[in-house]
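Structure, as structure tokens:
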Amino acid sequence: MLRELISFFQRAEPLKEMESSFGEMLRKAHGLTMTAGELYFGGVAPPERRTEVYEGDVEINKLQRRIRRQVIAHLSVSGNAGSLPYCLLLISLVKDVERIGDYAKNLVEILDFRSAPPPDDDITAELRSVRDGVEEAFRESLRVFETSDRDQALSLIRSGRDLNHRCDTLVTKIAHSDYNANDTASVLLGVRYYKRIGSHVLNVLSSVVMPLHKLDYYDEKYLPVDVADEDEDE
């Protein structure tokens, strides 16, 4: 669906503006996620770095509203009804990216109650690995958005599903750990927020391989038969 969306965007100036706004929004959310990760796994965060995250989230929200205005203005013009499916797709994608900004901000807000960086142990090492996977998938999604690389999108979706399962396993490990209340809360929330960021990245990637009515469904049974090697769920 994304390939058709980008092709459609290139036909007229108002649509190109929507594409440009969404690309900017996606890049800002990626940068915000990278900064939030540095602060979450680091020690004391300087106030200006935290302000950078909060201001970045505000910029993402503004871009979401701009795209909404652009979509409404475009659809209000007679003769543009044919672009409705693409506009619906874009509205769905911008909501995912807006949520990524929120979760990046939430990662930084953990510092408000955390007394020290995450414990230096196997659980944190696994969480760092999850972080690396999420950041890599996000970085690659920027390229996928520009090229509509279907094969790469599918590879990232499968890797992302694995990251989600690893997050679920981490929750169990934390529940059986000897962490104090502060460490339990800070690490558990870190796992939660990285899982949600990764899931919203997967939602964006699903637009490359799924039709509009199956957007956000990236379980194997929902993938197209030519790549999933099994029947497509109707």
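The values are calculated or read from the model by the stated rules, or taken from the named source; none is laboratory data. Since the model is a prediction, treat every value here as computed from it, not as a measurement. Here Cβ is always computed from backbone atoms with ideal geometry, including for glycine, and neighbour counts include all displayed protein chains. Remember, those area values only see protein heavy atoms, side chains included, never the ligands or the DNA or RNA. Shrake-Rupley method; radii C 1.70, N 1.55, O 1.52, S 1.80 Å.
How many of the residues in the stretch 123-162 are within 12 Å of the chain's Cα centre (by Cα), β-branched (V, I, T) and open to solvent by 50 Å² or more (accessible area, probe 1.4 Å)?
The number of residues fulfilling the criteria is 0.
Report the residue count in the stretch 148-181 for those that are within 26 Å of P119 (Cβ to Cβ) and part of a loop (DSSP other than H, G, I, E, B).
Qualifying residue count for the region: 5.
Kindly list the number of the only condition in (1) open to solvent by 20 Å² or more (accessible area, probe 1.4 Å); (2) closer than 19 Å to D96 by Cβ; (3) in contact (Cβ under 8 Å) with a residue 12 or more places away in the chain that fails for R166.
(2)
Consider the stretch 75-114. How many of its residues are out of contact with any helix residue (DSSP H, G or I) (no Cβ under 8 Å at 6 or more places or on another chain) and not polar (S, T, N, Q)?
Matching residues across the stretch 75-114 total 5.
Kindly provide the set of residues from the stretch 111-122 that are farther than 30 Å from E24 by Cα and open to solvent by less than 40 Å² (accessible area, probe 1.4 Å), ordered by number.
Quick first cut of the stretch 111-122, residues farther than 30 Å from E24 by Cα only: 113-122.
R114, P118, P119 - these are the residues of the stretch 111-122 that are farther than 30 Å from E24 by Cα and open to solvent by less than 40 Å² (accessible area, probe 1.4 Å).
One line per residue, one yes/no per condition, for (1) without any contact (Cβ under 8 Å) to a residue 12 or more places away in the chain; (2) touching a Gly at 6+ places or on another chain (Cβ under 6 Å); (3) farther than 24 Å from V204 by Cβ:
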site	(1), (2), (3)
I60	no, yes, no
R69	yes, no, no
H74	no, no, no
G79	yes, no, yes
L88	no, no, no
G101	no, no, no
L107	no, no, no
I110	no, no, yes
D120	yes, no, yes
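Being assigned to a loop (DSSP other than H, G, I, E, B) and open to solvent by 50 Å² or more (accessible area, probe 1.4 Å) is the filter here; which residues of the stretch 50-106 pass it?
Just the residues of the stretch 50-106 that are assigned to a loop (DSSP other than H, G, I, E, B), to begin with: 76-80.
Listed by number, the residues that qualify are S76, V77, S78, G79.
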